[in-house]
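Reading through the structure tokens given below for one structure.
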Amino acid sequence: MVGNWPFFPLSELTINYDARRVPIKEADRRLGLYPYYGASGIVDYVNDYIFDGEYLLIAEDGENLRTRQTPVAFMASGRFWVNNHAHVVTGNGNASTRFINYALQCTDISSYLTGAVMPKLTQSNLNRIEIPVPSQIIQNRIVDILGVLDDKIKLNRQVAKTLEAMAQALFKSWFVDFGPVRAKAEGRPAKLPDGVAVLFPDQLGKDGLPEGWNAATLLDFFDLEGGGTPKTSVADYWDGDVPWFSVVDTPVSGIYVHDTKRMLTQAGLANCAATLLPENATIVTARGTVGKIALVGRPMAINQSCYAAIAKDNYGPFFIYFLIQSSLEALRTQTHGSVFDTITRSTFASVSTNRPPHALAAIYEAAVTPLLGKMKVVAEQSRALATLRDTLLPKLIFGELRIRDAEQTVVAA
């Protein structure tokens with residue numbers, strides 16, 4: 001069925017709960033189990049809640065209203081708290097809450113924003129936003145179609161999170177907490193294959209490191225590559241096929257980055273300080289927003305506010321990633337800069353760590369490579385699913401695609 005749905009303002013489609021919102025200053029928050037939402041999602045967890053159920057949160061202010069780098073509307077369910085930077089609504093029966101959420105994803109809201117410096121979506125302007133509204137039956141079918149894709153993406157994220165946690169836990173046990181060494185020192189089994197257990201000593205030295213292991217710095221394990229930006233005034237340098245990473249491209253979930261907001265041409269790459277990074281290099285943001293990391297999912301360049309860690313001395317790229325991840329707090333505490341927080345090459349050189357036997361690092365690399373490989377596969381699957389969802393979404397919302405055709409497409413995915 002294809003149709004041109006009538007448009008209605010949100011004032012006729014929603015119930016607004018903004019009056020129930022209560023902001024809590026960071027110093028006054030008490031850590032707990034309940035999500036504390038702001039304009040772009042969860043910002044903290046607190047020990048109490050003011051909402052219980054399924055609601056739609058819509059950003060009230062912030063630059064993201066203009067750039068839409070992340071969704072300006074998102075579902076929140078269960079028990080949670082909301083500050084005064086997000087509107088809280090539900091559908092009133094004329095339109096379902098989830099349908100309104102999907103409709104807002106493909107609705108231009110720029111004409112409803114106020115504020116020259118900081119964009120704001122007031123409640124009165126929110127109520128004026130118009131969206132297409134088909135029958136409840138059609139709404140439900142559209143929500144089901146798009147929900148199937150979102151559920152698959154969510155499941156992939158959970159799988160990736162579990163795999164990352166496994167690789168991270170193994171690194172922490174072996175190279176941070178020295179779990180096998182402590183077990184052997186206490187006469188307990190290391191619970192490792194004999195060929196691996198023998199590589200761990202049975203006591204810690206006076207320096208707190210496993211006996212025979214040496215102190216080191218991060219730059220003993222990898223080299224740093226800087227980035228660059230070609231002239232933005234030269235059109236021939238931009239909108240090509242070379243991904244160009246900046247801090248806004250840091251993955252929200254997972255560890256791999258495949259796509260970037262901006263792309264370079266080969267000419268753009270040749271006319272800036274950036275080089276093409278290999279797959280599985282670790283990117284570290286180093287200026288402004290410091291200490292965000294990602295693994296390169298396909299060859300790409302980076303801007304000058306980032307570094308890329310390239311493994312040396314035959315260390316594996318995944319060992320390097322989790323080494324940096326375990327050192328992020330130390331890197332952040334050593335930032336400097338009068339305007340922006342900054343980390344430099346000397347910062348990496350000043351962060352202390354330890355050098356385990358190379359054979360042990362190689363065993364770790366071999367153990368986690370299948371985990372990271374699976375993470376990359378599910379990340380690529382999620383990219384494909386998200387692309388399909390984003391293609392179908394406006395066509396379904398605006399009645400440009402037959403529901404049955406969309407259902408068949410999703411089944412095939």
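The values are calculated or read from the model by the stated rules, or taken from the named source; none is laboratory data. The shown structure was predicted, so the numbers you read here are calculated from the model rather than taken from an experiment. Cβ coordinates were reconstructed from backbone atoms using ideal geometry, including for glycine residues, and neighbour counts include every protein chain displayed.
Here M166 meets the list (1) in contact with a Leu (Cβ under 8 Å, 6 or more places away or on another chain); (2) assigned to a helix (DSSP H, G or I); (3) surrounded by 20 or more Cβ atoms within 10 Å (Cβ to Cβ) almost entirely, failing just condition (3).
How many residues does the range 110-143 contain that are part of a helix (DSSP H, G or I), in contact (Cβ under 8 Å) with a residue 60 or more places away in the chain and under 15 Å from T97 (Cβ atoms)? So the answer is 2. Within the set L396, L372, the sole residue that is outside the structural domain of A311 (by the TED database), buried (at least 20 other Cβ atoms within 10 Å of the Cβ) and more than 24 Å from C106 (Cβ to Cβ) turns out to be L372.
Checking each residue in the range 94-150 for being under 24 Å from T67 (Cβ atoms) and hydroxyl-bearing (S, T, Y) picks out Y102, T107, S110, S111, Y112, T114, T122, S124. In this structure, is N140 surrounded by 14 or more Cβ atoms within 10 Å (Cβ to Cβ), within 23 Å of T409 (Cβ to Cβ) and either under 24 Å from the mean Cα position of the chain (by Cα) or acidic (D, E) (or both)? For N140, the condition - surrounded by 14 or more Cβ atoms within 10 Å (Cβ to Cβ), within 23 Å of T409 (Cβ to Cβ) and either under 24 Å from the mean Cα position of the chain (by Cα) or acidic (D, E) (or both) - is not met.
Among the residues of the range 316-342, the one identified as modelled with pLDDT under 95 and surrounded by 18 or more Cβ atoms within 10 Å (Cβ to Cβ) is L331.
Any residue that is in contact with a strand residue (DSSP E or B) (Cβ under 8 Å, 6 or more places away or on another chain), on the phi > 0 side of the Ramachandran plot and touching a residue at least 12 places away in the same chain (Cβ under 8 Å) - is there at least one of those in the range 48-60? Yes, the conditions are met somewhere in the range 48-60. The set of residues in the range 375-387 being surrounded by fewer than 18 Cβ atoms within 10 Å (Cβ to Cβ) and touching a residue at least 60 places away in the same chain (Cβ under 8 Å) consists of E380, Q381, R383, A386. The set of residues in the range 1-56 being surrounded by fewer than 18 Cβ atoms within 10 Å (Cβ to Cβ), in contact with a Gly (Cβ under 7 Å, 6 or more places away or on another chain) and among the aliphatic types (A, V, I, L, M) consists of V2 alone. Inclusion of A349 among residues that are touching a strand residue (DSSP E or B) at 6+ places or on another chain (Cβ under 6 Å) and outside any loop (DSSP other than H, G, I, E, B) is warranted. Select, from L121, L104, the only residue that is closer than 29 Å to I403 by Cβ and surrounded by 16 or more Cβ atoms within 10 Å (Cβ to Cβ). Selected residue: L104, the only one of L121, L104 that is closer than 29 Å to I403 by Cβ and surrounded by 16 or more Cβ atoms within 10 Å (Cβ to Cβ). Is it the case that the range 91-103 has a residue that's over 21 Å from the mean Cα position of the chain (by Cα) and at pLDDT below 95? The answer is yes; a qualifying residue exists.
Residue check: is V22 assigned to a strand (DSSP E or B), under 30 Å from A116 (Cβ atoms) and out of contact with any Cys (no Cβ under 8 Å at 6 or more places or on another chain)? Here the answer is no, as V22 does not meet what is asked.
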